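Q: Have a look at this one.
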Amino acid sequence: MYRTQTMSAEKRKSPRIDLYTQVRIKHEGVYNVKDFGLSGLFIRSPQFKPGDKIELVMSLPEEPKPVRLGARITRVTAEGIGVEFLDVPPRTKIPLEYCFNVFKHTLPMPDSWERDYGNNGGTAVG
């Protein structure tokens, strides 16, 4: 299931969409992803400390091999951790953008999304 999220008072670099998938945190295990954006994601996981650096491995639709991403913990809540991707190479950035762009156009865009980010030439399905 995929759903766009509003930005509210959070300080994200890019919008997020709900993306229910799993991610492996190297040396820790496999955890569920709550939402996904081009600059990071939220993982339902055990507690880490803000600033901790981790390595993620995740599968993306239409991508034959899992992608590896360095990330930094930016937020810790009782529900999980928010992470920011670090130094995303172009070979990984392209599949991330493809996944995000495909799924963001599968559902109607909330009014706040249009206000904050514009349509960027796409057409929301409604």
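The values are calculated or read from the model by the stated rules, or taken from the named source; none is laboratory data. Bear in mind that the values here come from a model prediction, so they are computed numbers and not experimental data. Note that we place each Cβ from the backbone using ideal geometry, even for glycine, and neighbour counts take in every protein chain shown.
Q: Got at least one residue in the stretch 78-92 being outside any strand (DSSP E or B), modelled with pLDDT of 90 or more and among the acidic types (Asp, Glu)?
A: Yes; the residues of the stretch 78-92 include at least one that is outside any strand (DSSP E or B), modelled with pLDDT of 90 or more and among the acidic types (Asp, Glu).
Q: Turning to a different aspect of this structure: Filtering the stretch 101-126 down to residues that are touching a Phe, Trp or Tyr at 6+ places or on another chain (Cβ under 7 Å) and of a type in the set (A, V, I, L, M, F, W, C), which residue is modelled with the highest pLDDT?
A: For the stretch 101-126, the residue satisfying everything is Phe103.
Q: While we're here: Modelled with pLDDT under 80 and either surrounded by 12 or more Cβ atoms within 10 Å (Cβ to Cβ) or not charged (D, E, K, R) (or both): does that describe Gln5?
A: Yes: the conditions hold for Gln5.
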